[in-house]
Every structure is written in structure tokens, then in C-alpha cells.
Amino acid sequence: MRDVHLKAIDLNLLTALGALLSQRSVSRAAREIGLSQPAMSRALDRLRHLFGDELMLRSGAGMVLTARAEALAPQVQEILADIRALVAEPRFDPSSEHRTLRIAAVDSLTTLLFPGVMARLLEEAPHVDLRAVPIAADIARRLQSGDIDLTFALANYPLAAGTHSETLMDDRLALIMRRDHPAARNGPLSLAAYAALTHVTVSVFGDGSTEADAALAAAGLERRIGLTTPHFTSALMAVARTDMVTVLSHAFARQFAEALDLVLLDPPLEPAVLKITMVWHAARKHDRLLAWLRGVFRQVASGVADQVPPRG
């Protein structure tokens with residue numbers, strides 16, 4: 001490893017590097033930070049020498065990042081965010097913010113949390129708008145690029161490099177069926193009885209894989225999945241009209257249990273706990289509006305979680 005002294009590094013190159021890594025184009029990076037294209041090309045040459053790596057390679061009509069550059073991208077964004085925070089005006093007033101924040105979330109969370117969050121925003125941050133968008137497999141890239149400001153995940157879901165998270169709320173799984181379902185009269189279901197039912201599953205990423213199937217396979221069992229849907233709401237509607245069952249968030253399902261005449265039982269699955277987190281990119285860790293909004297989500301979620309009874 002080369003011994004590089006900080007005093008020998010032009011720290012202005014960090015800004016150029018951040019723009020190059022995010023834009024993946026010399027011309028677009030130059031426009032982003034107000035340099036001429038020749039000046040940005042010279043900055044790229046100096047960065048290549050500094051890191052001993054090409055950083056960007058031409059591919060067809062565009063440029064691609066090298067493996068070293070891909071690894072550098074989240075670190076550079078976090079460093080630049082730290083520098084901006086160092087010189088930023090510390091005063092923050094949500095009522096003076098005029099922004100639109102894009103939040104990737106499944107429909108169960110938008111149903112549970114967004115009404116309460118928007119009530120707070122309309123009162124305390126009336127010029128801040130939220131845009132809920134679907135979660136997709138490219139969520140890590142969208143967080144890094146800034147297309148998405150915030151998303152949600154289960155605590156056991158592996159985080160992408162360069163992302164931060166914090167706990168939002170504790171929930172648990174519920175086995176849900178219509179109130180006059182034959183299985184609703186039999187008390188707690190065994191794993192075999194559970195497997196014998198016809199199921200509705202929610203597949204957010206379209207892969208169809210679930211921990212329930214892994215648990216059944218370990219016991220030598222399998223189930224019939226009658227419906228797979230990307231939406232939690234449609235799963236509830238389906239079990240309300242049929243003899244199918246589903247397993248999903250207790251906090252979400254209890255909001256509809258009375259209206260749809262559903263019963264919520266303990267599923268024969270372990271673990272039944274759902275720990276939900278908020279996730280954002282490291283480059284946004286000093287975004288004061290986003291930090292404030294996370295606090296609002298926590299407060300709204302705490303009220304929802306308080307309504308979830310303990311298992312059993």
C-alpha cells in the first residue's frame with residue numbers, strides 16, 4: 001500500500017471525485033460542479049494517479065466504474081456529506097422547508113404510517129410533500145443516486161454498503177383468515193395443519209421465496225400457494241372472500257379485521273417477531289429534514305406498535 005500524506009492531496013479533488021462517481025460521465029460531472037470539461041478531464045487524470053486506478057473506463061457510448069471506484073463511491077459521498085455538515089448553518093425549522101421526499105415502502109407501511117405522518121407534516125412542515133414509491137430490487141442503487149430518500153426493511157435483511165439504519169417499530173406475524181373459516185374453530189394450528197391450507201403470499205421483489213416455505217421444508221412439509229401478490233392489501237381482501245389464509249403483519253391486519261370480518265391467530269412459525277427499520281444512504285446522514293422526518297415516523301410508529309398485543 002502506498003504511503004500518501006494528506007498534505008500532498010488537493011482536497012478539491014474530492015468534489016470532482018464525488019461528481020464523477022455519481023454521474024459516471026466527465027461532461028455531466030463537470031456541469032454538476034461548474035467546471036469546464038477539460039478541467040474535469042485533468043481532475044480525472046490526477047485522481048487516477050492518486051488512487052493508482054483507472055476509476056472510469058469507456059464502454060460503448062458511456063463510462064463504467066472500476067471495482068475500486070464502485071467501492072469508493074459510498075465512502076466519498078459520506079465524506080462530502082460530513083464536510084457539508086461541518087460548515088452548514090445549524091438552525092433548522094421544518095416549517096420553512098420546501099421539498100419533496102421520495103420514500104420507498106410497501107403498502108402495509110404506507111397504510112399504517114403515512115396518514116399519521118402527513119397529519120404532522122401538514123401542521124409542522126406544510127411545504128414538505130411525500131411521494132410513496134414501490135420498493136424494487138434496485139433499491140440500493142436508488143438510495144445511493146438520491147432517487148429515493150428513505151426506505152424500510154426488516155432488521156434481519158442485509159444492508160447495502162453505504163447505508164444507515166435505525167429501528168422503527170416492533171411488530172409480529174399473524175395467521176389471518178375469515179372469521180367463519182373451518183380452521184378458525186380448531187384453536188392453534190399445528191405446522192402440518194397450517195401446511196394443508198391454501199395460502200396467499202406477498203412477494204415484494206417478485207422472487208416468491210419466503211421463510212415460511214423454508215420452515216415447512218425443514219419439517220418435510222410443503223404447501224399450496226393459491227395466490228402470490230405484491231400487495232398486502234390484496235392478500236387480506238383475498239382471504240376475506242375465500243378459504244385461503246395468509247401470514248403477515250399483525251399491526252397491519254388488525255386495522256382491517258373488523259371491516260373484513262377476519263380473525264388473527266398465532267402462526268405455527270418461528271420467529272414470529274418483525275423488527276422494522278428505516279434505511280437511508282450515508283450521504284444523507286446530515287440531512288436535517290430527513291432526520292426530523294425519521295423522528296416523526298418513529299413517533300407515529302410507536303403508537304401503532306403499542307396496539308400490537310403480545311403473542312399468545
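The values are calculated or read from the model by the stated rules, or taken from the named source; none is laboratory data. These numbers were taken from a predicted model, which means no experiment stands behind them. Note: ideal-geometry Cβ built from the backbone for every residue, glycine included; neighbour counts use all protein chains shown. We work out accessible area using only protein heavy atoms, side chains counted, and drop any ligands, DNA or RNA first. Shrake-Rupley method; radii C 1.70, N 1.55, O 1.52, S 1.80 Å.
If the requirement is being of a type outside the set (D, E, K, R) and over 25 Å from Asp170 (Cβ atoms), which of these qualifies: Ala212, Ala217, Ala259?
Details: Ala212 fails: over 25 Å from Asp170 (Cβ atoms); Ala259 fails: over 25 Å from Asp170 (Cβ atoms).
The conditions single out Ala217.
Regarding Ala219, is this residue in the same structural domain as Ser190 (by the TED database) and closer than 20 Å to Pro309 by Cβ?
It is false that Ala219 is in the same structural domain as Ser190 (by the TED database) and closer than 20 Å to Pro309 by Cβ.
Restricting to the range 210-233, name every residue that is open to solvent by 50 Å² or more (accessible area, probe 1.4 Å), within 11 Å of Val200 (Cβ to Cβ) and among the hydrophobic types (A, V, I, L, M, F, W, C).
Ile225, Leu227
Tally up the residues in the range 9-68 that are without any contact (Cβ under 8 Å) to a residue 12 or more places away in the chain, among the aliphatic types (A, V, I, L, M) and under 21 Å from Ile83 (Cα atoms), please.
2
Please find, within the range 289-306, the residue that is most open to solvent (accessible area, probe 1.4 Å) out of those that are touching an Asp or Glu at 6+ places or on another chain (Cβ under 9 Å) and under 23 Å from Arg141 (Cα atoms).
Across the range 289-306, the extreme among qualifying residues is Arg294.
Determine whether the range 178-190 contains at least one residue that is part of a strand (DSSP E or B) and either touching a residue at least 12 places away in the same chain (Cβ under 8 Å) or open to solvent by 30 Å² or more (accessible area, probe 1.4 Å) (or both). So that I can check it myself, show each step before the final result.
Initially, the range 178-190 is screened for residues part of a strand (DSSP E or B), giving 178.
Next, from what is left, pick out any that are either touching a residue at least 12 places away in the same chain (Cβ under 8 Å) or open to solvent by 30 Å² or more (accessible area, probe 1.4 Å) (or both): 178.
Yes - at least one qualifying residue is present in the range 178-190.
Kindly state which strands (runs of 3 or more DSSP E) lie completely within the range 207-293 and contain at least 3 residues that are aliphatic (A, V, I, L, M) and in contact (Cβ under 8 Å) with a residue 40 or more places away in the chain.
Details: elements: 224-229, 245-249, 262-265, 273-281.
Fully inside the range 207-293 and qualifying: 245-249, 262-265, 273-281.
Just for the range 75-114: of the residues that are open to solvent by 80 Å² or more (accessible area, probe 1.4 Å) and assigned to a helix (DSSP H, G or I), which one is nearest to Phe51 (Cα to Cα)? Quick ask: steps written out before the conclusion?
Within the range 75-114, the subset open to solvent by 80 Å² or more (accessible area, probe 1.4 Å) is 75, 83-84, 86-87, 89-91, 98, 102.
Right, trim to assigned to a helix (DSSP H, G or I) and you get 75, 83-84, 86-87.
Details: Gln75: 14, Ile83: 21, Arg84: 23, Leu86: 26, Val87: 27 Å.
Applying the filter and picking the extreme gives Gln75.
Going by the structure shown, is Asp170 part of a loop (DSSP other than H, G, I, E, B) and either in the same structural domain as Leu293 (by the TED database) or of a type in the set (S, T, N, Q) (or both)?
Values: part of a loop (DSSP other than H, G, I, E, B): no; either in the same structural domain as Leu293 (by the TED database) or of a type in the set (S, T, N, Q) (or both): yes.
Criteria not met by Asp170.
If you take the residues of the range 121-163 that are in a strand (DSSP E or B) and under 11 Å from the mean Cα position of the chain (by Cα), which of them is farthest from Gly295 (Cα to Cα)?
Restricting attention to the range 121-163, the residues satisfying the condition of being in a strand (DSSP E or B) are 128-133, 150-154, 163.
If we keep only those that are under 11 Å from the mean Cα position of the chain (by Cα) as well, we get 133, 150-154, 163.
Values: Val133: 20, Leu150: 13, Thr151: 14, Phe152: 14, Ala153: 17, Leu154: 18, Thr163: 18 Å.
It comes out as Val133.
For Pro134, state whether it is without any contact (Cβ under 8 Å) to a residue 40 or more places away in the chain and closer than 30 Å to Leu173 by Cα. Reasoning before the result, please.
Numbers: without any contact (Cβ under 8 Å) to a residue 40 or more places away in the chain: no; closer than 30 Å to Leu173 by Cα: yes.
For Pro134, the condition - without any contact (Cβ under 8 Å) to a residue 40 or more places away in the chain and closer than 30 Å to Leu173 by Cα - is not met.
Scan the range 241-262 residue by residue and report those that are among the hydrophobic types (A, V, I, L, M, F, W, C) and surrounded by fewer than 19 Cβ atoms within 10 Å (Cβ to Cβ).
At the first step, the residues of the range 241-262 found to be among the hydrophobic types (A, V, I, L, M, F, W, C) are 244-245, 247-248, 251-253, 256-257, 259-260, 262.
Those that are among the hydrophobic types (A, V, I, L, M, F, W, C) and surrounded by fewer than 19 Cβ atoms within 10 Å (Cβ to Cβ): Phe256, Ala257, Ala259, Leu260.
Which of the residues that make up the range 158-172 are open to solvent by 60 Å² or more (accessible area, probe 1.4 Å) and either among the hydrophobic types (A, V, I, L, M, F, W, C) or in contact (Cβ under 8 Å) with a residue 12 or more places away in the chain (or both)? Give the derivation first.
Step one: filter the range 158-172 for residues open to solvent by 60 Å² or more (accessible area, probe 1.4 Å), giving 158-159, 161, 167, 170.
Across the range 158-172, the qualifying residues are Leu159, Ala161, Thr167, Asp170.
Could you check the range 15-43 and list, in sequence order, the residues that are open to solvent by less than 60 Å² (accessible area, probe 1.4 Å), farther than 16 Å from Ala67 by Cα and of a type outside the set (S, T, N, Q)?
Selection gives Ala16, Ala19, Val26, Ala29, Ala30, Ile33, Ala39, Met40, Ala43.
Anything in the range 54-74 that is loosely packed, with under 10 Cβ neighbours inside 10 Å, assigned to a loop (DSSP other than H, G, I, E, B) and among the aliphatic types (A, V, I, L, M)? List them, or say none.
Correct list: Ala61 only.
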